[in-house]
Amino acid sequence: MIRTDIAPGIHYLEHARTNVYLVEDDDGLLLVDTGLPRSKNVLLAALARIGRTVQDIRGIVLTHGHFDHVGTAEHLRSRYGIPVYCHPDDARIAAHPYSYDRERTPFLYPLRYPRAVPGLLRMTAAGAVAVRGVQDTLPLTPEAAAALPGSPLLVPTPGHTKGHCALHLPDRDAVISGDALVTLDPYTGRPGPQVVARAATADMGTALRSLEALRSTAARTVLPGHGFPWGAGVESAVAQALEVGGH
């Protein structure tokens, strides 16, 4: 799925229940997260639709280092020289995207939540078990983020991973929340605003507290790492996520 201008100058790409965003301004494009290895064709199709090319991408920001967000980053970095930024606390995960902390084993989740299975199979078919880590990331700092297209404000949102960050774009009234707040949990298949299950979250208590950082943006549009964008305001999304709690 590709939807242009899901918020002003922000384009939404969905592949295998994983989201990627292109932020556009006069200086070029910022790619936020990179999906899975076979998401490349979706990216190329989106670029063609908005009249851009890969060469217009000035930088890649990883909200965090998990495999389903790192998927095409090393390909884009090594082939096209596009710099990849992530928080220093997630640099190790970005380099080794299957090695990360979680509160519960993910292996029993398909038995407990069978409606998640079709999505997990789609992710597997999209290359979820064959992601190359990014060996050469740059530190994602507030200054580095502000210098990228769209001039996003960095919003630290630890918990899902230690270095998880969201991006606030005030002039577009939007926040890219990554997996700090999603509207579909790939591990349970549950829709609606929530924090990702303990099967992929390092510290659920911290993740729930980080929702307050998202709330403070007061953004109208929430652009999550999984699930459909949420246009009813971050306040309502956070309220629903807190009601769901951890699982």
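The values are calculated or read from the model by the stated rules, or taken from the named source; none is laboratory data. The structure presented is a predicted model; accordingly, all values stated were derived computationally and were not measured. Cβ placement follows ideal geometry from the backbone for every residue including glycine, while neighbour counts extend to all protein chains displayed. All accessible areas refer to the heavy atoms of the entire protein, side chains included, with ligands and DNA or RNA removed. Shrake-Rupley method; radii C 1.70, N 1.55, O 1.52, S 1.80 Å.
Placing unit charges on the Cβ atoms only, positive for Lys and Arg and negative for Asp and Glu, gives the chain a dipole magnitude near 900 debye about its Cα centre. Exposed loop positions in the chain were taken to be chymotrypsin sites (Phe, Trp or Tyr not before Pro) whose DSSP state is not H, G, I, E or B and which have at most 14 other beta-carbon atoms within 10 angstrom. Between these positions, the longest stretch is 108-247. Annotation for Leu44 and Leu108: the two label points, set 7 Å from Cα along the Cα-Cβ direction, are 4.4 nm apart. With a cut-off of 12 Å, note down the residues of the stretch 65-100 whose backbone N falls inside the zone around a label point 7 Å from the Cα of Thr141 toward its beta carbon. Hits in the stretch 65-100 for Thr141 at 12 Å: 88. DSSP beta bridges confined to the chain are antiparallel in about 65 percent of cases. The apolar share of the surface of the chain, taken as the fraction of accessible area on carbon and sulfur atoms (1.4 Å probe, ligands and nucleic acids excluded), comes to 54 percent. When the chain is treated as a GNM with alpha-carbon contacts under 10 Å, the residue of Ala125, Ala145, Ala46 showing the greatest mean-square fluctuation is Ala125. Dipole of the stretch 111-247 (Lys/Arg Cβ +1, Asp/Glu Cβ -1, origin at the Cα centre): which of Thr161, Pro229, Ala125 lies farthest to the positive side? It is Ala125, whose Cα lies furthest towards the positive end.
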